[in-house]
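Trainee: Here's a structure for you.
What follows is calculated from the coordinates using simple rules that are stated; it is not laboratory data. Given the structure is predicted, the values throughout are model-derived calculations rather than measurements. All Cβ positions, glycine included, derive from the backbone under ideal geometry; neighbour counts span all protein chains shown.
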Amino acid sequence: MADKPNAAELKEYADEADAWFKENTVQDPGFMLPLTFMEVSTDQQFDFLRDWQRKVYEAGYLGASWPKEYGGGGMHSDYQRAATRAMKKSDAPIMLNAIGNGWAGPLILDLGTEEQKQKYIKPMLSAEDIWCQGFSEPENGSDLGNAQLKAVKDGDEYVLNGSKIWTSLGDRAKYMILLGRTDFDAPNKYAGLSFFLNPMDVDGITTTKIKKLTGEYGFVQCFFTDARVPADCLFGGEGNGWSMAMKTLEYERGAKVKPVGGYFVKELDVMDIVELAKNSMRGGKPLLDDPVMRDKMTQFMIDIQALNLNNTRRRMPQLMQDRPMGLPLMNKLARTDLIQRLTEFSLEFQGSKAGYYVGDENAVDDGYWHRSYLNSFSATIGGGTSQIQKNIIGEHALGLPKTR
Amino acid sequence: MADKPNAAELKEYADEADAWFKENTVQDPGFMLPLTFMEVSTDQQFDFLRDWQRKVYEAGYLGASWPKEYGGGGMHSDYQRAATRAMKKSDAPIMLNAIGNGWAGPLILDLGTEEQKQKYIKPMLSAEDIWCQGFSEPENGSDLGNAQLKAVKDGDEYVLNGSKIWTSLGDRAKYMILLGRTDFDAPNKYAGLSFFLNPMDVDGITTTKIKKLTGEYGFVQCFFTDARVPADCLFGGEGNGWSMAMKTLEYERGAKVKPVGGYFVKELDVMDIVELAKNSMRGGKPLLDDPVMRDKMTQFMIDIQALNLNNTRRRMPQLMQDRPMGLPLMNKLARTDLIQRLTEFSLEFQGSKAGYYVGDENAVDDGYWHRSYLNSFSATIGGGTSQIQKNIIGEHALGLPKTR
Amino acid sequence: MDNLGTIGTTEEQIELLDVATNFCRDKSPIEKVRALIDDDLGYDPDVWREIGELGWLAIAIPEDHDGVGLSMAEVVPIAEQMGRNLLNTPFGSTTLSAQVLLAGGSDAQKAAWLPKLAAGTASTLALQEDNGDWDLTNIDATGTVSGDTVALSGKKQFVLWANSAELIIASIKIDGAVCFALIETSAVPEGALRREAVIDETARSFELTLDGITVSTDALLDASRTRETLEAIELAGSLIHSAEMTGGTQAVIDYTIEYLNTRKQFDKIIGSFQALKHPTVENYVEYEKSRTHLYSAAHCFSDQGRGEVAVRMAASQAHGTYSHAADRAIQFHGAFGFTHDCDAQLYRRQAIFKGALNGDAAWHRDKLSALLFD
Amino acid sequence: MDNLGTIGTTEEQIELLDVATNFCRDKSPIEKVRALIDDDLGYDPDVWREIGELGWLAIAIPEDHDGVGLSMAEVVPIAEQMGRNLLNTPFGSTTLSAQVLLAGGSDAQKAAWLPKLAAGTASTLALQEDNGDWDLTNIDATGTVSGDTVALSGKKQFVLWANSAELIIASIKIDGAVCFALIETSAVPEGALRREAVIDETARSFELTLDGITVSTDALLDASRTRETLEAIELAGSLIHSAEMTGGTQAVIDYTIEYLNTRKQFDKIIGSFQALKHPTVENYVEYEKSRTHLYSAAHCFSDQGRGEVAVRMAASQAHGTYSHAADRAIQFHGAFGFTHDCDAQLYRRQAIFKGALNGDAAWHRDKLSALLFD
């Protein structure tokens, strides 16, 4: 374990990082940069973000606290945190390889073999190997435990048949963390599942792009037809797929995540909405002079501030004595719903110009708000819908009985 | 069937009725009159309303269209409608004997024997015999079908053991329409139920008053301990209790109700809230000059107007082609929830004076609004909670599957 | 409050409702709606011709101008069913144009245009400008009179269906006073019309550059009737949009119910989950309120005072309800709802667009409050 | 926005939170709360004495006035736990009185009263009048100075715990300027205090008739510090009320969860119905936001600018959340919820009362909007 830096050491490092990102961050590449890794729809966007991640990694500001022997920086995590703060300060673009760095990487570092760590970690950090996730299936969007993709052992290979959907970067990834069914007679649906570090460049795996409600692309559906993958892709042993998948979800939820650094999703800066409101006119007067709009905007400010402060309070056990799981579990629900309501509200500011969309020269902020509102559903639906989040909170934070 | 009056005949009758109610309606008896038959808490209120109902009946304006041979007026229902309109116009007090006139009466007229009609109808109309309802039990508030009150046939009597709760006028009623279980081995919970026209003045029936959240009384719990009632109190035959009870609920919902006339619940006049808003001051200015309050009040006006118009549209099949059950089923949910939100909102008008309650000389409108808000829960809970109403609408108007 | 309206129907209205229900369902299946999204014109010319032949464009035009001589009340069921089936054509803009001519047109202008519009000639309006304001008098476009010609200048936004209209009625200011000019699209120079990228992909909308366009002074509407003309635009426009939005609301709720009744998760039909069932019921309740307000507005439309209250209530209720029902439709369709293939987004986008054209719920509430409380 | 606060705690605050959690739970079981409803005094004098002995009334009073020398931040956990257990005593009014004396009192006044209050002498404020206004400067009560005495006149409402207070700090106008008079209850004539019928049955509130009461000019607070005094009342008062409301919110949600976990209908624990589970989750989420705002307000309280923003956010969030959570608590308890025996109504009534005393959510949002956007 690397030593914790003293204040002076950390300050020096942070200043360097600030300077580096200030110098290297491209604010406007001349095309719209995705706010999340789920919104990468053009080659232009993909290539730019891939190059950016490599550049950040090579500068030592990504994976700085991951083990040196596998390609990380081997430094104390305070350094990585400082680097990530520097990215935020300079409003740097997102890290592209979210499933790799955020899900597969922590899992492999946590439970993988020496060989797997050697093989996967470095190219993941450098964005050479892009990773995607294969949990959801067309018939089982919310019910991951019911995954049906068939994985049959045949000698030293598994033969895969089925389909995965809502796969971000699925058509560009080299590997997929895949949830497949190796046993159809298991005592329960979970026990039949296994987890694979699955190579995408094998025969029998094809992808088709899915057009999002925004009109853009970003997800694919993957079809597996007698696709043969090496048996050593199996991770965690047959029948342990569910617990592996749950672990990755934990990493996503921020529990025991090793701080790889960077962010995969750019939080919409709500202050931008305040700016929009301040700059919007209605009937020749500033919109924020309209008391009804003011009141709504004020309520939003109260909500925003609460969620921002929650992120600090989550690290204060002395203020979480009664329902310790509450704040951690509610964050996704509260934040994604708030963003949805807020971006929807931002359309009200625009008056008749709310009729424009991305691509019209008259559109307010190039249609950013419409796009953000429509994209907000990926967050209230993906990773467990808001309705499912409420079940989780009700059952695990409040101790209410299961709904079945 | 009585003849439909022509316009002139009806007009003459209506004018007489208007005059009579104008002359006989006491607006302020010097104490607060209940808005619903569920809110009768003092002897003073009870005696006043009982006398009032008898007076209206004797004047011929109640039960005017019920059969003459049983004590009704035998006139066409248009006459009774005109009389009821006259009551509304003069803002006359409610009819006290709601369960009798609204539930038991129609049921008896619909399915009762000649003898039962002779025995029960007239004294019900004259308020000589007050009726109450015994469906709910302490453990089965929403789940009427699960009623457990035991009714065992013993010779020419039934022996009753158990308890009924939320019984309006239960301590003043002569009869109770009672749902009891005569068969504990029935194929399903409904098949074991039987329906009784149950006399309350027998040994073994005791009542205790229930204090409401308003601080007032109005309901009782009834305890049955080896109470013996004549076997001919059974109505509709053993095992048919559920269908009898459902019929009474239909009468309540307004389906095929013979218009006995009058009303058992005084709809809160929303225009009073507009008045309150107009007369309320905030920071030295009329409250309705506050744009935020104006906007909220305007939204309420839109909702109020919609529900009022719905009552007309419900009688226009040409505008209910797609989901004919929708409007009839939604009325209770929409109206009771609206009244609750509206009365709650009315507290916002009062500023610091919202701190007062009924009984303080400084209270706005003698605390009418606080009391109405707290009482509003009887309507969103009683007769099927709003949550249950949504199940009913979802299942019967929208065809969504049952929740179980 | 003596300006609260009532509700009622006419025989013709109900007959038209029946006919329109079948016609719009048959002529506008969703596959066709989606095919037309990628079509330049944006609608099926044959269907448009049939609409004209059915006389639907003539409904609210007096008989002495070759119209049917009914009222806007009878236009409502048609617009409602068109909205319900996303049958998007110049019907609304043409119908509204006729109302504008009736409100502010000279006898000659009425005689020249109303028979044409009644017969199926498409027309539209050019009202909005870059300030995003719904106050139709807050405009910068101007007309400069010299002799008997008027030189126009400025830019207009959201000129619907300008690609197929023969007539554009544009609001301008002459000497600071708002008035309206009749522009024949034949007189619109190359490139003066730019197709706009709008949120509703089933609509066709254009930006019109007035600079360089001149019209004869005979092509100006009666300046002494500008107030009535503006009122006609606001009220007739709101009524038509409310009808379309209410129809769309019914459709998006039915579409959601259909999914809730078929989709399974956790081995259960998802419609059995109260988390989806109850909000859908709430949206349905709001929809029925929208429809009640809509037919009340149709009934009271020509009734002084009550008409405006009823129309604005309908417009506010319709936009708020359509927006929320469509928003929830996306959410309740889960991951499929996030795709372009799911129809929920078509309705959500249209709700945004209708609100942008016609004023959103908050805007109409603001206007209402003055009518109700002042 | 540089006036948005942060969150943090002090060691003393957390220690007090632990102690207060146990003390309030042990001293204020619900049976006792209900018994005290019918008690004239309205609280248990022994518990009140213990509160004094614990030094809780001295927390935010400087050491040179026999106080503990901590800040309002350390008062928050105590008020929170009192609200959570409906332990209603003169604690809030006495604590607030001390803050008022610190803000506007002369050295002599502080020396005379602060040690007493720190030691457990009850005190209260007389601010509200019949206009229902939360603007503390909109008052009609007056003081007329002649020589070294001031003759008071007018009426004050919602004077909490006046029955057991030794000191009443009343706002009056002298020559049109707002100032504050220290009234010893010993100087209040028979019948000048009338117990009010208030919505919160656990509180004791009185109307005070000032006519006939005279005080010495020495009993007037420093007129040059009226602005600071008013600010202390508004902010310290809002902080205390927010803490009590947040505690009450936690209690009413826990009370509801308890019922949802035990009550059966249709052979199922009703907490398994999403119609009850999901709204309860939503209320819980809002509660956690309330508590976050509360401890942020405590943390930023003395921080110029940020303090007021944080306090008003806490007050708005606390009142809105408490009101709605208690409203749903009544509903979700079904028929039992409609009875006086169900505790849900105790919380609902208190939420109304707190909002009436301290300004409701809308009022604080209005104040906030100026701080945030102007």
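Trainee: How would you rank D:E234, C:E244, going from fewest to most other Cβ atoms within 10 Å of each one's own Cβ?
Mentor: Values: D:E234 20, C:E244 28.
Fewest to most other Cβ atoms nearby, the residues stand as D:E234, C:E244.
Trainee: Oh, and also: Set Lys and Arg Cβ to +1 and Asp and Glu Cβ to -1, take the dipole of the protein assembly as shown about its Cα centre, and tell me which of B:P286, D:G42, C:N3 lies farthest positive.
Mentor: Highest projection toward the positive end goes to D:G42.
Trainee: Take peptide A:338-346, look around each residue's Cβ out to 10 angstrom, count Cβ atoms belonging to other protein chains, and average those counts.
Mentor: Numbers: counts 0, 0, 3, 1, 0, 0, 5, 0, 0.
The per-residue average across the peptide is 1.
Trainee: First select every other residue whose beta carbon is under 10 angstrom from the beta carbon of A:C132; then total the charges, Lys and Arg +1, Asp and Glu -1.
Mentor: Residues close to A:C132 contribute a combined charge of +2.
Trainee: Give the shape of region B:68-204 as rounded, prolate or oblate, defined through the alpha-carbon gyration tensor: a ≥ b ≥ c are the square roots of its eigenvalues, a/c under 1.5 means rounded, and otherwise the shape is prolate if a/b is larger than b/c and oblate if not.
Mentor: Since a/c reaches 1.5 and a/b is larger than b/c, the shape of region B:68-204 is classed as prolate.
Trainee: To the nearest 20 Debye, how big is the dipole of chain C about its Cα centre, given +1 on the beta carbon of each Lys and Arg and -1 on that of each Asp and Glu?
Mentor: 1120 debye
Trainee: Quick one: with label points 7 Å out along Cα→Cβ, list the inter-copy distances for B:L111 in nm, shortest first?
Mentor: Distances between equivalent label points, in nm: 6.1.
Trainee: Also: With point charges of +1 on the Cβ of Lys and Arg and -1 on the Cβ of Asp and Glu, referenced to the Cα centre of the protein assembly as shown, which listed residue (C:A165, B:P230, D:V285) lies farthest in the positive direction of the dipole?
Mentor: Checked the options; the winner is B:P230.
Trainee: Right, next: Does the protein assembly as shown classify as rounded, prolate or oblate by the C-alpha gyration tensor (a ≥ b ≥ c root eigenvalues; a/c under 1.5 gives rounded; else a/b over b/c gives prolate, otherwise oblate)?
Mentor: Judged from the Cα gyration tensor, the protein assembly as shown comes out rounded (a/c under 1.5).
Trainee: Using a 10 Å cut-off around each Cβ, can you sort D:I37, D:I61 from fewest to most neighbouring Cβ atoms?
Mentor: D:I37, D:I61
Trainee: In debye, nearest 20: dipole of region A:1-160 around its Cα centre with unit charges on the Cβ of K, R (+) and D, E (-)?
Mentor: Using only the charged Cβ atoms, the result is roughly 360 debye.
Trainee: GNM on chain D, C-alpha springs below 10 Å: top fluctuator among D:Y287, D:Y347, D:Y255?
Mentor: D:Y255
Trainee: List the GluC sites (Glu not before Pro) within region D:132-190 that DSSP assigns to loop and that have no more than 13 neighbouring Cβ atoms inside 10 Å.
Mentor: D:E190
Trainee: Would you please classify the overall shape of region A:34-120 from the alpha carbon gyration tensor, given that a ≥ b ≥ c denote the square roots of the eigenvalues, rounded means a/c under 1.5, and beyond that prolate means a/b larger than b/c while oblate covers the rest?
Mentor: Judged from the Cα gyration tensor, region A:34-120 comes out oblate (a/c at least 1.5, b/c at or above a/b).
Trainee: So, R0 is 22 Å and r is the distance between the beta-carbons of A:R341 and C:T262; what FRET efficiency does that work out to, to 0.05?
Mentor: 0.15
Trainee: Put a point 7 Å out from Cα along the line to Cβ at B:A19; what are the distances to that point in the other copies, in nm, shortest first?
Mentor: The answer, with the shortest distance listed first, is 10.2 nm.
Trainee: Using r as the Cβ-Cβ distance of D:N3 and B:K89, and R0 as 51 Å, what FRET efficiency do you calculate, to the nearest 0.05?
Mentor: With R0 = 51 Å, the Cβ-Cβ based efficiency is 0.35.
Trainee: For the protein assembly as shown, what does the helix formula give at 222 nm: sum of -39500 (n - 2.57) over DSSP H segments with n ≥ 4, over the residue count, nearest 500 deg cm²/dmol?
Mentor: My calculation for the protein assembly as shown gives -15000 deg cm²/dmol from helical runs alone.
Trainee: How far, in whole Å, is the nearest Cβ of chain A from the axis relating it by rotation to chain B, and which residue carries it?
Mentor: A:P291, 2
Trainee: Give me log10 I(q)/I(0) at q = 0.09, 0.13, 0.22 Å⁻¹ for region D:1-140, Debye formula, one equal scatterer per alpha-carbon, no solvent.
Mentor: -0.32, -0.66, -1.30
Trainee: Over 26 Å between C-alpha atoms is what I'm after, so list which of A:K55/A:K88; A:K212/A:K332; B:K4/B:K332 land there. Provide the component values of the computation, followed by the final result.
Mentor: Working: A:K55/A:K88 16 Å; A:K212/A:K332 22 Å; B:K4/B:K332 31 Å.
Exceeds cut-off: B:K4/B:K332.
Trainee: Turning to a different aspect of this structure: Could you tell me which residue in chain C puts its beta carbon nearest the axis mapping C onto D, with the distance rounded to whole Å?
Mentor: Checking which Cβ lies nearest the axis yields C:Q274, 2.
Trainee: Mind sorting D:E308, B:E58 by how few other Cβ atoms lie within 10 Å of their own Cβ, fewest first?
Mentor: Listed from fewest to most nearby Cβ atoms, that is B:E58, D:E308.
Trainee: Shielding by partners for D:312-323, please: the mean number of other protein chain Cβ atoms within 10 Å of each residue's Cβ.
Mentor: Per-residue shielding by partner chains comes out at 2.
Trainee: Using θ = phi - 60° and the Karplus form 6.51 cos²θ - 1.76 cosθ + 1.60, what ³J(HN,Hα) does each residue of region C:174-183 get, whole Hz, x for Gly and Pro?
Mentor: Once θ is set to phi - 60°, the couplings for region C:174-183 become 10, 6, x, 9, 5, 8, 10, 10, 8, 10 Hz.
Trainee: Follow-up. Taking a spot 7 Å from the Cα of A:I392 along the direction of its beta carbon, which residues of region A:322-354 have an amide N less than 18 Å from it?
Mentor: It comes to A:323-340, nothing else.
Trainee: When the label point is put 7 Å from the Cα of B:T208 along its Cα-to-beta-carbon vector, which residues of region B:117-156 have a backbone N closer than 17 Å?
Mentor: Taking a point 7 Å out along Cα→Cβ of B:T208, the residues of region B:117-156 whose backbone N falls under 17 Å are B:137-140.
Trainee: Positive end of the charge dipole of the protein assembly as shown (Lys, Arg +1 and Asp, Glu -1 on Cβ, about the Cα centre): tell me which of C:G237, A:G145, C:L136 has its Cα farthest that way.
Mentor: A:G145
Trainee: Give me the inter-chain shielding for B:313-326: mean count of other chain Cβ atoms within 10 Å, whole number please.
Mentor: 4
Trainee: Can you compute 3J(HN,Hα) from phi for each residue in region C:265-274, using the Karplus curve 6.51 cos²θ - 1.76 cosθ + 1.60 with θ = phi - 60°, rounded to whole Hz and x for Gly and Pro?
Mentor: So the J values, rounded to whole Hz, are 9, 6, 6, 10, 4, 5, x, 7, 7, 4.
Trainee: Related question: Rounded to the nearest 5, what % of the DSSP beta bridges within the protein assembly as shown are antiparallel ones?
Mentor: Around 85 percent antiparallel, to the nearest 5.
Trainee: Same structure again: Using the structure shown, select from A:K390/B:K402; A:K119/A:K211; A:K402/C:K277 the pairs with a Cα to Cα distance greater than 26 angstrom.
Mentor: From A:K390/B:K402; A:K119/A:K211; A:K402/C:K277, over 26 Å: A:K119/A:K211.
Trainee: Measuring from centroid to centroid over Cα atoms, what is the spacing of region C:120-178 and region A:193-251 in Å?
Mentor: Taking the Cα centre of each part, region C:120-178 and region A:193-251 sit 56 Å apart.
Trainee: Once you've got the GNM for chain D with C-alpha springs shorter than 10 Å, pick whichever of D:D360, D:D39, D:D148 has the biggest mean-square fluctuation.
Mentor: Greatest mean-square fluctuation among the candidates belongs to D:D148.
Trainee: Take the residue pairs A:K285/C:K155; A:K353/C:K354; B:K122/B:K174; B:K68/B:K174; B:K164/B:K209 and return only those whose Cα atoms are more than 18 Å apart.
Mentor: Violating the 18 Å Cα-Cα cut-off are A:K285/C:K155; B:K68/B:K174.
Trainee: Let me ask something else. When the dipole is taken about the Cα centre of the protein assembly as shown, and only Lys, Arg (+1) and Asp, Glu (-1) are charged at their Cβ, what size is it in debye, to the nearest 20?
Mentor: Working: 154 positive and 220 negative charges, 599 e Å.
For this selection, approximately 2880 debye.
Trainee: Run through the other copies and list how far each one's label point is from that of B:D365, in nm with one decimal, shortest first; the point sits 7 Å from Cα along Cα-Cβ.
Mentor: In ascending order, 4.3 nm.
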